[in-house]
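Each reported figure results from applying straightforward, stated rules to the coordinates on display, with no laboratory input. Since this is a predicted model, take the numbers as computed values, not measurements. For neighbour counting, all protein chains shown are included, and Cβ atoms are generated from backbone atoms with ideal geometry for every residue, glycine included.
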Amino acid sequence: MKVLVINAGSSSLKYQLIDMTTEVVLAKGNCERIGIGGLITHKIADGTTIQQDADFPTHTEAFQKLVEVLTTGEHAVVKNLDEISAIGHRIVQGGKYFSESVLATEEVINKIEEISDLAPLHNPAHILAIRACQKVFSSAVPQVAVFDTAFHQTMPPKSYMYGLPYEYYDKYQVRKYGFHGTSHRFVTHRLGELTGWDMSTKKIITCHLGNGSSIAAVNHGKCVDTSMGFTPLDGLEMGTRSGAVDPSVVLYLMKHENLTPDQMSDLLNKKSGFLGVSGETSDSRDLIAASQEGSERAQIAIDIFRYQIRKYIGSYSAAMGGVDAVVFTGGIGENSDDLRLEVCENLEFLGLEMDPAKNTELNHKEGRVSKDGSRVEVWVVPTNEELLIARDTKEIIEKLPK
Ligand code: ADP
C-alpha cells in the first residue's frame, strides 16, 4: 500500500509518497509559489532531485503537476494513480472536535472550515488541498485528516483554560489547543519502542525544538499540558515568534507604536524570537555562529531559549509529580548537543545525569544521552510526522468497509 502525505500551506504543498509495507519514502518534494507562479522540487529515494518551473494558479494545478512527476518521466515512482491507496493530510487546527485522525468526509471538511477562524493561515489552505485532491484523484481514493491539535485534547481544563472571563470560552472557544501533536505523539510512541517501557505507567517530557518549538508533558501516555496555546505563538521563544509575553506588552506596543491587530500579529509571529532579539537571523545555527563572532544579542536570544526550555522541564516535572524521561526532537533538539547539555545541566536534583560524550555522539541519531543509571533518562528521537500521518491513514482506510 502506498500513501501520499500532504502538508499544504496557502502557497505551498509539501508531499511524501510512502510505501507502507516497508515504510520507505519513495518520493518527496514541494510545490511552491502557488498563486504567484510555480516551482516543483521532487526527490526520489536514491537522492536524485529535479526542479521545474511550473504554472500553479491554484492548488489543483499543483496536484496535477505532482501527479505528473509521480507517474511519468525518469523520476516516476508509480506507474499510475491506482497505486496510491490513500491520501493523508496534516491539518493544523482540529479545535475541540477532533481527538484523533479521521476520514475526511464532507462533515469533517465542514468542521475544519467552521474552525478556520482559529487557524486562518492554515485551515483554509488544508481545505483547498482536500478539494483539489478530490478533483485530481479518483473520488474512490480516501482522504484522511490528521490534526496537530489532536494529541493535546486529553489536557484537563486546568491546563487548557485561561484566566479570562468564561464567556469568551463559550463564545469563541478561546482556550489552549497546543500544536505539533503529531510529533509529540510520534516520539512518545517511539520512546516506548526503544525502551520497552509501558508508556501508560511513565511520565515523559517531549521537547520539539525547530523553527517552531513546543514542549509537552505526557503523563501515562496522555498529554496533560503543552507550551503552545490558543495559537502556535505561545510558549517558547522561536525562530521568528515571540513565545509567551506579558499580554500587557502587546497592548502597550499597539498603543505606543500605533499598530493595527494585523501589524501586531506580524510583529509577534514574523519579527520576534531569534530574529527579533538578535536582529540578525531566525536560524539557530546562524545564531550560534553570530554569537561566536561576538554578537551579544545573538547570545541573549540563545540564552532566553535554553533557559525557557529548562524552566518547562522543571515545571512539567512538578506538574506531573516526577519525570521518567526527557525527549529532544526537531531540527534543534536532534542536532544541537550543546543545547541539550546546557538545558540539562545541574538537574541531578531531579535525578537526571547527562552523558556528555554520548550526547555529542548522538547528534541526529536516535539514542539515550543520559548516563547509565540516571533515574531520569534523556533521549534524542528524530521525529517523523509524515510517517505517523501515513500510519494513521493506513489504519483508518484498512477499517473501511470493502
Ligand atoms: P521546522 O520547525 O520548520 O520543521 P526544523 O525542525 O527543521 O524546522 O528545525 C529548523 C532549525 O533546526 C533551524 O533553526 C536550524 O538551524 C536548526 N538546525 C538544523 N540542523 C542543526 C544543527 N546541525 N545544529 C544546530 N541547529 C540545527
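Among Met161, Tyr172, Pro142, pick out the residue whose Cα is farthest towards the positive end of the charge dipole of the stretch 109-176, where Lys and Arg carry +1 and Asp and Glu carry -1 on C-beta, about the Cα centre.
Among Met161, Tyr172, Pro142, the one farthest towards the positive end of the dipole of the stretch 109-176 is Pro142.
Amide H of Val376: which non-local residues (sequence gap of 5 or more, or other chain) have their own amide H closer than 5 Å, using H built in the peptide plane?
Leu352, Glu353
Using per-residue counts of other Cβ atoms within 10 Å, averaged over each peptide, order 124-133, 326-335 from highest down.
326-335, 124-133
Please report the spacing between the Cα centers of the stretch 23-83 and the stretch 328-361 in Å, no decimals.
The two parts, judged by their Cα centres, are 38 Å apart.
What are the ³J(HN,Hα) couplings of the stretch 122-133, residue after residue, when phi is run through the Karplus curve with 6.51, -1.76, 1.60 and θ = phi - 60°? Round to Hz, x for glycine and proline.
Residue by residue, the stretch 122-133 yields 10, 4, x, 5, 4, 5, 4, 5, 5, 4, 5, 4 Hz.
If R0 is 60 Å, what FRET efficiency do you get for Gln64 and Asn346 from their C-beta distance, rounded to 0.05?
0.60
Please get the size of the charge dipole for the chain, origin at its Cα centre, with Cβ charges of +1 on Lys and Arg and -1 on Asp and Glu, quoted in debye to the nearest 20.
Numbers: 40 positive and 53 negative charges, 152 e Å.
Result for the chain is approximately 740 debye, rounded to the nearest 20.
Nearest 20 debye, what's the magnitude of the dipole of the stretch 319-371 about its Cα centre given +1 on Lys and Arg Cβ and -1 on Asp and Glu Cβ?
140
In deg cm²/dmol, rounded to 500, what helix-only [θ] at 222 nm does the chain give when every DSSP H run of at least 4 residues adds -39500 (n - 2.57) and the total is split over its residues?
Roughly -11500 deg cm²/dmol at 222 nm, from the helical runs in the chain.
What percent do you get for the relative contact order of the chain when only Cα pairs under 8 Å and 6+ apart count?
Across the chain, relative contact order equals 13 percent.
How large is ³J(HN,Hα), in whole Hz, for each residue of the stretch 245-259 in order, when computed from phi with the Karplus curve 6.51 cos²θ - 1.76 cosθ + 1.60 and θ = phi - 60°, using x for Gly and Pro?
Using θ = phi - 60°, the values come out as 9, 4, x, 5, 4, 4, 5, 4, 5, 4, 5, 7, 9, 6, 9 Hz.
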